[in-house]
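For reference, the structure is listed below as structure tokens.
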Amino acid sequence: MFTTSTFAAGLPAGRPWLRYAAPQAFFPLAGKAIPWLLGAALLLAAFGLYLGLLAAPPDRVQGDAYRIIFVHVPVAWLSMLIYLAMAFWAAIGLVFNTRLSSMMASALAPSGALFTFLALWTGALWGRPTWGAWWVWDARLTSELLLLFLYLGFMALQAALDDPRRADRAGALLALAGVVNVPVIYFSVQWWNTLHQGATLSARGASMAPVMLQAMLVMTLALWAYAIAAVLQRLRGIVLKRERHTAWVQAYLKEIKETRHDLG
Amino acid sequence: MIWDDWSQFLAMGGYARYVWGSFGVVLAALALEQLALRLQRRDALNAASLAALARQAQEPLS
């Protein structure tokens, strides 16, 4: 079992992958990546929106309502993927006692909750014109709603505990207990009879025209880039706050106070 | 471009409120998140400033 001091002891030469497990090494690296990720997200979103809203033809059955797929599927994928990432980093933090891993889990939760909300929101707006209902209590929708409650429960639990390391451990247990819900969401359209349509992408290929598929994949990349940027931004905020008593944060604070007057 | 004019584009074949309600809310949510992240950073930097002041206050005058 590693202890915190293993990582605090410095940058182990034989284990370069542990270099960025130290918050003060990770912090500037993330800061450099964020503008590039946001720029990539903007360019990809512009291209994806062009493909999805201007180039792709209407659907034979659903008309132009189907275009909701270009945001709905990317945000729904992200809502599940972020949960898996959150549970993974929470587990790493729990087992190896690495602070940054636990902070990463905390940084992922609000983004996951946001994308889950957006998946439900865009799903309701798609369900109304195609099924005639904003909401139905079927397996896919209900398990996605449970995902939102798991994220919110994780955040509420961590907010309720004053000691950050206790909050990390309690959150990790909740995140791991909830991870079983992700395959339930993913496979729900196969396991149960549901109103929700089946997967658009599968091992057999895509059930849509090439330009539609391109639009969906480009929008997915755009939202991935955005989500990674937002999580890194939030992680930097968490690191700053938790490490505010350390010399390196104080040095960083002095540096930005000298270069600009506002703290934005 | 599959649309003849912009009003046709905005009408989205009669599904305007569903399509724009989806894309619009996603965009608004991400914009609000960026705002919240800016506030979070400011809050963390203020906390770090307070920590510096507290340390200065504890140091004996020399």
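The values are calculated or read from the model by the stated rules, or taken from the named source; none is laboratory data. Quick caveat, the model's predicted, so the values are computed rather than measured. All Cβ positions, glycine included, derive from the backbone under ideal geometry; neighbour counts span all protein chains shown. Just so you know, the surface numbers come from the protein's heavy atoms only, side chains and all, with ligands and any DNA or RNA stripped out. Shrake-Rupley method; radii C 1.70, N 1.55, O 1.52, S 1.80 Å.
Here are a few things to note about the model shown:
- Residue-wise HN-Hα couplings along segment A:49-57, as the Karplus relation 6.51 cos²θ - 1.76 cosθ + 1.60 with θ = phi - 60° gives them from phi, are 5, 4, 4, x, 9, 10, 9, 6, x Hz; Gly and Pro carry x.
- Along the axis of the charge dipole computed for the protein assembly as shown (Cβ charges of +1 for Lys and Arg, -1 for Asp and Glu, origin at the Cα centre), the listed residues A:Met208, A:Ala25, A:Leu108 are led at the positive end by A:Ala25.
- Dipole-positive endmost among A:Leu161, A:Val184, A:Gly127 within chain A (Cβ charges, Cα centre): A:Leu161
- In segment A:236-261, the residues that give up 40 Å² or more of accessible area when the other protein chains are added, compared with the chain on its own (1.4 Å probe), are A:Leu240, A:Lys241, A:Arg244, A:His245, A:Gln250, A:Leu253.
- Chain B contacts chain A over a buried accessible area of about 3600 Å², both sides summed; the probe is 1.4 Å and only protein chains count.
- For segment B:41-62, a drop of 20 Å² or more in accessible area on going from the chain alone to the assembled protein chains (1.4 Å probe) is found at B:Arg41, B:Arg42, B:Asp43, B:Ala44, B:Leu45, B:Ala47, B:Ala48, B:Ser49, B:Ala51, B:Ala52, B:Arg55.
- Rounded Å value of the spacing that divides the Cα centres of segment A:116-182 and segment A:61-76: 21 Å
- One compactness figure for chain A is 1.14, namely its Cα radius of gyration divided by 2.2 N^0.38 Å.
- Summed side-chain charge close to B:Tyr15 - residues other than B:Tyr15 whose Cβ falls under 13 Å, Lys, Arg +1, Asp, Glu -1: +1
- With every protein chain in place, segment A:163-264: carbon and sulfur % of accessible area (1.4 Å): 62 percent
- Solvent exposure of chain A amounts to 49 Å² per residue of accessible area, where only protein heavy atoms count and the probe is 1.4 Å.
- Computed from the Cβ-Cβ distance with R0 of 41 Å, the FRET efficiency linking A:Trp134 to A:Lys257 stands at 0.25.
- With every protein chain in place and a 1.4 angstrom probe, the accessible-area ranking of A:Phe187, A:Phe27, largest first, reads A:Phe187, A:Phe27.
- Using only side-chain charges placed at the Cβ, +1 for Lys and Arg and -1 for Asp and Glu, the dipole size of the protein assembly as shown relative to its Cα centre rounds to 780 debye.
- With a cut-off of 18 Å on the backbone N, the residues of segment A:212-240 near the modelled label site 7 Å out from A:Arg60 along Cα-Cβ are A:212-213.
- Charged neighbours of A:Phe187, selected by a Cβ distance under 15 Å, balance to -1 (K, R count +1; D, E count -1).
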